[in-house]
Amino acid sequence: MSELPQSSLRIAAEITYGAFSLAVDERLDIAGVTGLFGPSGSGKSTLLRIVAGIERDATGIVRFGEETWQDDAAGTFVPAWQRPVGCVFQDARLFPHLDVSGNLQYADRRGRDNPVYGFSDVVSALELEDLLPRSVDALSGGERQRVAIGRTLLTRPRLLLLDEPLAAIDVRRKREILPYLESLPARFGIPAIYVSHSAGEIAQLADRVVAMEGGRISTQGNVEAVLGQALPGREEMSFEAVSVLEVAVVETVPEYHLTRVSHDGQDLTIAELAGKRPGERVRLLVRSGDVVLAIEEPRGISVRNVLEATVASVDEIADTAFAHVVVDIGGTRLVARLTRHAVDELGLGVGQPVYALIKTAAFDRASLSIASVGG
């Protein structure tokens with residue numbers, strides 16, 4: 001990862017809505033993109049609203065760096081419009097009576113007190129030149145969100161808050177807009193908090209992850225560690241247990257439209273990564289159901305990716321036919337979802353050497369399973 005601006009966010013806040021309560025007491029070091037991750041109803045959006053100053057019923061403390069935005073004991077509350085925060089929501093909320101240029105210029109005028117970067121910088125970064133004269137009603141969902149992000153940037157915030165901005169966009173549009181989001185913190189020097197319950201989005205965008213469940217922060221850490229855990233509430237989310245392998249590009253095999261990558265000296269073959277050069281690092285998102293384990297080296301099979309590993313843990317999933325077997329590959333945890341019958345028949349136990357098999361096709365789905373690393 002590249003060096004990115006870092007700030008401290010101190011949150012000690014509580015709020016109750018009927019049966020739901022949120023209580024957070026954490027200090028977060030935010031640089032680049034911090035992924036705020038968890039199932040629906042876990043409190044992610046509420047926490048973001050507290051930071052933004054929108055959730056006035058919340059009590060407690062919110063500090064950004066040396067600035068106190070809320071401290072009820074001291075009688076301090078900085079209203080949302082005075083906080084140097086830029087918010088992007090699922091709904092782009094563009095002004096329908098203005099064209100794209102008008103929407104951007106409105107924000108640009110508001111942000112001139114802090115001219116860190118200019119109108120043309122934002123337009124160029126998000127490739128909005130061709131959209132400037134267009135009506136907002138004529139934009140696709142992905143284009144609307146790019147304009148919304150541009151408008152937010154032009155207010156010159158010192159913290160970006162993105163509340164599932166891609167939730168209403170189809171997968172193809174997500175693939176188009178995610179690279180823009182990836183580049184923003186490093187390009188403009190603004191840390192961002194990105195709310196999502198999509199493991200693919202988090203793996204692609206985040207430098208670190210804060211996981212929430214039941215109105216509490218359950219864990220935080222680097223992307224590989226947090227996404228690889230058996231997080232509370234994961235069964236309610238739209239994906240199974242996942243692992244993240246960080247790999248380096250070795251070479252492209254153009255005749256087969258494949259790319260060879262390496263993890264800790266072991267090679268994998270994945271669908272071709274256009275534009276990636278040798279040495280560039282990417283993250284591979286691996287679903288537990290795509291991992292097969294063997295106790296002997298397999299031969300004569302179509303699976304291209306066979307990795308030497310060691311069993312780190314075996315955990316039965318209560319009241320199901322399955323177990324999660326975690327294997328260690330060069331210090332990285334990879335989760336395999338196997339039947340309990342297979343675990344018993346193979347005699348899998350901690351410390352046992354095994355081979356982990358992953359089909360190349362597992363990285364060529366309509367979902368987001370391959371992500372760039374670093375700015």
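Laboratory data are not the source of any read-out in this text; all were calculated from the coordinates shown. From a predicted model like this one, the values you see are computed outputs, not experimental measurements. Neighbour counts run over all protein chains shown; Cβ positions are idealised from the backbone, glycine included.
Taking the Cα atoms only, what angle lies between the long axis of helix 100-110 and the longest principal axis of the chain, rounded to 10 degrees?
Tilt of helix 100-110: around 70 degrees.
Quick one: net charge around GLY65, please, counting Lys, Arg +1 and Asp, Glu -1 for every other residue with C-beta under 14 Å from its C-beta. Show your work: numbers first, answer last.
On the way: positive: ARG10, ARG27, ARG63, ARG83, ARG158; negative: ASP29, GLU66, GLU67.
Value of the local net charge: +2.
With r as the distance between the Cβ atoms of VAL250 and ARG110 and R0 = 51 Å, compute the FRET efficiency 1/(1 + (r/R0)^6) and round to 0.05. Before the final figure, lay out the partial values.
Working: r = 48 Å, r/R0 = 0.93.
Taking R0 as 51 Å, the efficiency between ARG110 and VAL250 is 0.60.
Hey, with R₀ at 22 Å, roughly what FRET efficiency would SER8 and THR76 work out to, going by the Cβ-Cβ distance, to 0.05? Don't skip to the end; give the middle numbers.
Values: r = 17 Å, r/R0 = 0.79.
Once rounded, the FRET efficiency stands at 0.80.
Ordered by packing density, taken as the mean number of other Cβ atoms within 10 Å over each peptide's residues, highest first, how do 266-277, 149-160, 17-28, 334-345 rank? The partial results should precede the final answer.
On the way: 266-277: 15.2, 149-160: 22.4, 17-28: 13.4, 334-345: 17.4.
Descending packing order for the listed peptides: 149-160, 334-345, 266-277, 17-28.
For PHE89, PHE77, which order do you get if you count the other beta carbons within 10 Å of each Cβ and list the fewest first? Don't skip to the end; give the middle numbers.
Details: PHE89 18, PHE77 14.
With the sparsest Cβ surroundings first, the list reads PHE77, PHE89.
Name the GluC sites (Glu not before Pro) in the range 67-166 that are in a loop by DSSP and that have at most 16 other C-beta atoms within 10 Å, would you? Mind showing how you got there, number by number?
Details: sites: GLU67, GLU127, GLU129, GLU143; in loops: GLU127.
Sparse-neighbourhood loop GluC sites (Glu not before Pro): GLU127.
With angles folded into 0 to 90 degrees, how steeply does helix 171-188 sit against the dominant principal axis of the chain? Use alpha carbons for both and round to 10.
Relative to the chain, helix 171-188 is tipped by roughly 60 degrees.
Using a/c under 1.5 as the rounded threshold, could you call the range 121-276 rounded, prolate or oblate? The axes a ≥ b ≥ c are square roots of the C-alpha gyration tensor eigenvalues, and prolate needs a/b larger than b/c, oblate otherwise. Before the final figure, lay out the partial values.
Details: a/c = 1.86, a/b = 1.19, b/c = 1.57.
Because a/c hits 1.5 or more and a/b fails to exceed b/c, the range 121-276 counts as oblate.
Using 0.36 nm per residue, how much length does the chain from ASP57 to SER120 gain when fully extended, once their Cα-Cα distance is taken away?
Values: separation 63, 0.36 × 63 = 22.68 nm, distance 3.90 nm.
Extra length from ASP57 to SER120 when fully extended: 18.8 nm.
Assign unit charges at the C-beta atoms only (+1 for Lys and Arg, -1 for Asp and Glu), then state the dipole size of the range 6-230 relative to its Cα centre in Debye, rounded to the nearest 20. Don't skip to the answer; put the middle values down first.
Working: 24 positive and 29 negative charges, 51 e Å.
It comes to approximately 240 debye.
For the range 244-372, what does the alpha-carbon gyration tensor say about shape, rounded, prolate or oblate, given a ≥ b ≥ c as the root eigenvalues, a/c under 1.5 as rounded, and a/b over b/c as prolate? Working shown, then result.
Working: a/c = 2.03, a/b = 1.90, b/c = 1.07.
Prolate, since a/c reaches 1.5 and a/b exceeds b/c.
As I understand it, the dipole of the chain uses +1 on the Cβ of Lys and Arg and -1 on the Cβ of Asp and Glu, about the Cα centre. Which of LEU334, GLY75, LEU166 lies farthest toward its positive end?
Towards the positive end, the residue furthest out is GLY75.
Put +1 on the Cβ of every Lys and Arg and -1 on every Asp and Glu Cβ in the range 6-230; which of GLY102, LEU181, ILE193 then has its Cα farthest towards the positive end of the dipole?
After comparing all options, I get GLY102.
Assuming 0.36 nm per residue, please report the length gained on full extension of the stretch ALA342 to GLU280 beyond their Cα-Cα distance.
Full extension from ALA342 to GLU280 adds 18.6 nm.
Need the C-alpha centroid separation for the range 29-56 versus the range 244-318, integer Å.
33 Å
Once fully extended, how much extra length lies between SER135 and GLU297, figured as 0.36 nm per residue of separation less the alpha-carbon to alpha-carbon distance? Intermediate results must be reported in sequence, preceding the final value.
Details: separation 162, 0.36 × 162 = 58.32 nm, distance 5.97 nm.
In short, 52.4 nm is gained.
Work out the length of the dipole vector of the range 244-372 about its Cα centre, built from +1 on the beta-carbon of each Lys and Arg and -1 on the beta-carbon of each Asp and Glu, and round it to the nearest 20 debye. Provide the component values of the computation, followed by the final result.
Values: 13 positive and 18 negative charges, 86 e Å.
Dipole magnitude for the range 244-372 comes out near 420 debye.
Can you list residues from other chains, or at least 5 along the same chain, whose modelled amide H is less than 5 Å from the amide H of GLY32?
ALA192
Only four residue types carry charge here, +1 at the Cβ of Lys and Arg and -1 at the Cβ of Asp and Glu. Report the dipole size of the chain about the Cα centre in Debye, rounded to the nearest 20. Please report the intermediate quantities before stating the final value.
On the way: 38 positive and 51 negative charges, 188 e Å.
The calculated dipole for the chain is roughly 900 debye.
Using only helices, what value at 222 nm comes out for the chain when you add -39,500 (n - 2.57) per DSSP H run of length 4 or more and divide by the total residues, to the nearest 500 deg cm²/dmol? Write down the numbers at each step before the final one.
Details: 8 runs with 77 residues, N = 375.
Using -39500 (n - 2.57) per qualifying helix, the result is -6000 deg cm²/dmol.
Report, in degrees rounded to the nearest 10, the 0 to 90 angle that the Cα long axis of helix 141-153 makes with the longest principal axis of the chain.
Long axis of 141-153 versus the principal axis of the chain: about 60 degrees.
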